[in-house]
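Presented below is the structure to which this report refers.
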Amino acid sequence: MNNQPIGIFDSGIGGLTVAHAIKKILPNEDIIYFGDTEHLPYGEKSKKAIQNYSIKITQFLLHKKCKIIIIACNSASSLAYKSVKKTAKKIPVFNVINPIVDHIVKQCSEYNIGVIGTKATIQSNIYETEIKTLCKSAKVSSLTTPLLAPMIEEGFINDDISQTVIANYLANKKLANIEHLILACTHYPLIRHKINEYYKGKVNVIDSANIVAKHIAEQLEKNDILSNSKKNKHQFYVSNFTKSFEESANFFFKEYIKLEEVNI
Ligand code: DGL
């Protein structure tokens, strides 16, 4: 069991930020990544569609003998966590929301917390519900920022276009007075430095990919299922292959990876 791979999935390539953080913190683990590039963006899809896609991907990862499954997509974590858990049966399933919520409510106080993400994630209201369950006094303000994921995927990160789009969203009055900002989309770690620049250190911009990776490492250790193999071979699958996905994937994972197309 210990040396079986970790299964990670996302609507596309955004979840590679989480996969990369996991690879860094858990270098002995094998990773099987699935990006549902045929159906992205999940952020614009219905709950039912996201659940159906997520169930199919889970079956694929189970078939690949994954020891755990990580939903490295906020939209699928918001709307399909229960469906994935039900499908995975005994295999532990992790989402990218609870580790962030646990992190932020550690010192529960009258925090003013901002959340930015896709329409699916923000409209599900999951962050506010989960945070308020653990910390009633927190104030949560959420904003949909649907242009950010495609912008990042197209490589607009360190230029005037990204600067303008980011500033435009963050200037929204819903986010006025926040002290913490949750980046509730797995694409956003790639623009975290730009968001930090915008706030000039006045807002704590949560480092979501690394917090999730740390949580996974703790859970593997706690359940005694850490790998002891030194070979590690990672596999990256997508449901629709294009050269441009491959180029973006290299940029998201910060090293060269080969994508393989698979129909599920
Ligand atoms: N990676 C997805 C998420 O974290 C965003 C992209 C999409 O809409 O599919 O929600």
If the elastic network links every pair of Cα atoms under 10 Å, which of His193, His103, His63 fluctuates the most in the Gaussian network model of the chain?
His63
For the stretch 176-264, what D do you get in µm² per second when you plug the Kirkwood radius from alpha-carbon pairs into Stokes-Einstein at 37 °C and 0.692 mPa s?
203 µm²/s
Amide H contacts of Glu261 (H built 1.01 Å from N, under 5 Å, at least 5 apart or other chain):
Val238
Taking H placed 1.01 Å from N in the peptide plane, check which residues at least 5 places from Asp30 or on another chain put their amide H under 5 Å from its amide H.
Ile6
Simple spin-label estimate for Lys258 and Lys136 in nanometres, 7 Å along Cα-Cβ:
5.8 nm
Using DSSP to define loop residues, name the chymotrypsin sites (Phe, Trp or Tyr not before Pro) in the stretch 211-264 whose beta-carbon has at most 12 other beta-carbon atoms within 10 Å.
Tyr256
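How high is the relative contact order of the stretch 1-95? Use alpha-carbon pairs under 8 Å, at least six apart in sequence, and give a whole percent.
On the way: 153 pairs, mean separation 33.9, N = 95.
Value for the stretch 1-95: 36 percent.
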The chain, relative contact order [Cα under 8 Å, separation at least 6], %
27 percent
Who wins for biggest fluctuation among Gly117, Gly201, Gly155 in a Gaussian network model of the chain, springs between alpha carbons below 10 Å?
Gly201
Candidates per trypsin sites (Lys or Arg not before Pro) in the stretch 106-150, loop by DSSP, up to 12 other Cβ within 10 Å
Lys106, Lys136
Long-range HN-HN contacts of Gly114 with modeled amide H, under 5 Å
Ser141, Glu179, His180, Leu181, Ile182
Here the longest stretch of the chain that holds no GluC sites (Glu not before Pro) in a DSSP loop having at most 11 other beta carbon atoms within 10 Å is 111-254
What number comes out for the charge environment of Ser239, summing +1 per Lys or Arg and -1 per Asp or Glu over other residues with Cβ under 13 Å away?
-4
Hey, any idea what the orientation-averaged projected area of the convex hull of the chain's Cα atoms comes to, in nm²?
13.1 nm²
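Rule-based calculations on the coordinates, nothing more; no lab input. What you are looking at is a predicted structure, and each value in this text was computed from that prediction instead of being measured. Heads up, the Cβs are rebuilt from the backbone with ideal geometry, glycines too, and the neighbour counts pull from every protein chain shown.
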